[in-house]
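Values in this text are rule-based calculations from the coordinates and carry no lab data. Owing to the predicted nature of the structure, the values given are computational and were not obtained by experimental measurement. In this analysis, Cβ positions are derived from the backbone assuming ideal geometry, glycine residues included, and neighbour counts consider all displayed protein chains.
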Amino acid sequence: MRIELATAAGLAGRPNEDWAATVLPASGQGGGLVLLDGVTPPRGDDGCAHSVPWFTARLGGALVELSGSRRDLPLREILAESIRRTADTHRSLCDLSHVRTPQATVVMVRWDEAEIEHLVLSDSVLLFESPGGTVRAVLDDRLDRLPPGSLASEVIADAQVRNKEGGFFTAAADPAVADRAVTGRTPRAGVRAVAAMTDGASRWTEMFGEGDWADCLGVLHKEGPQGLIDRVRALEKADTDRTYLRRSKQHDDATAVYAQL
């Protein structure tokens, strides 16, 4: 088994709000990964005394612990319980009802000798490669299906579509959001490799169109996660006319995990 992970902050001197970890049980019969992309609040206005990295570290830690210790629980239940635990750690200090309370996208994968279980919430990306080389992307595409103008401003997004019916969902303070996640199970024999990326790394395909998901997984296999992130950074720096970046920030936090099973 080969597992590689790399991450890079979007801006020097600014905390990286992505978070990732892998799980390798002592039994050697399985494993897993957790990937979070923290959501940056506008002007630091989120009703919380804690930072987004504080939130992702605590949520991620709970997800890793329960993924490894409670293999009897499906990933949806693990996400719900982890959100509940994290909320309980700061409920008395912070306004968890605030629309921008610290939150994150989530990708979780857990495997044993028989099958692979997955969960995706919001716009991070999960890829599966079959033994024959076919690549399948597992995506929560709610953001892509939003009505025109829904993301025209942060105010509109917060009022109309953020963690609302008909909009998109992230892991924040409500455990019920776990029911909104994209989940599934795949026979272990049908998967040769898996990869997870925050949207700062998946820009290589989604924003710059340098290749499809199979090409992206090929880069991860040959050059590793750091190689993919380096390619993204070079593309961002070269886009001086903002042909591809447009209104997006030049560099976003970027994280990728690659596991060859």
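Once Lys and Arg get +1 and Asp and Glu get -1 on their Cβ, which of Gly218, Val120, Thr101 lies farthest toward the positive end of the dipole of the chain?
Farthest towards the positive end: Thr101.
What GluC sites (Glu not before Pro) does segment 49-130 have in DSSP loop regions with at most 16 other beta carbons within 10 Å?
Glu113
Filter the chain for me: DSSP H helices, axial length by Cα at least 18 angstrom, mean Kyte-Doolittle hydropathy not below 0.5. List them by residue number.
Passing helices, by number: 52-69.
List the lysines whose Cα sits under 23 Å from the Cα of Lys249, skipping any in the same chain fewer than 8 residues away.
List returned: Lys237.
Can you check what the net charge comes to around Trp19, using other residues whose Cβ is under 11 Å from the Cβ of Trp19 (Lys, Arg +1; Asp, Glu -1)?
After counting each charged neighbour, the total is -3.
How big is the gap, in Å, between the Cα center of segment 28-47 and the Cα center of segment 163-184?
Value for the Cα centre distance between the two parts: 14 Å.
If a cysteine in the chain has no other Cys Cβ under 4.7 Å from its own Cβ, put it on the list, ordered by number.
Cys216
Could you tell me the calculated FRET efficiency between Ala214 and His98, based on Cβ-Cβ distance and R0 = 51 angstrom, to the nearest 0.05?
0.80
Take the Cα atoms of segment 102-261, find their three principal axes, and give me the spread along each one in whole Å, biggest first.
Here the spans come out as 46, 42, 24 Å, largest first.
With each label point set 7 Å from Cα along the Cα-Cβ vector, what nm distance links Asp239 and Ala159?
According to this spin-label approximation, the distance is 2.9 nm.
Go ahead and run the numbers for FRET between Arg185 and Thr134, Cβ-Cβ distance against an R0 of 22 Å, rounding to 0.05.
That gives a FRET efficiency of 0.80.
Looking at the chain as a GNM with Cα springs under 10 Å, which of Asp144, Asp241, Asp112 has the largest mean-square fluctuation?
Per the Cα network of the chain with a 10 Å cutoff, Asp241 tops the list.
Mean separation of Cα pairs under 8 Å and 6+ residues apart, divided by the residue count of the chain: what relative contact order is that in percent?
26
Rounded to the nearest 20 Debye, what is the dipole magnitude of the chain about its Cα centre when Lys and Arg each give +1 and Asp and Glu each give -1 at the C-beta?
For the chain, the charge dipole is close to 120 debye.
Report the full-extension gain for the segment Lys222 to Asp88: residue separation times 0.36 nm, less the Cα-Cα distance, to one decimal in nm.
Using 0.36 nm per residue and subtracting the Cα-Cα distance, I get 44.0 nm.
Arranged by the count of other C-beta atoms within 10 angstrom, fewest first, what order do Ile156, Ile229 take?
Ile156, Ile229
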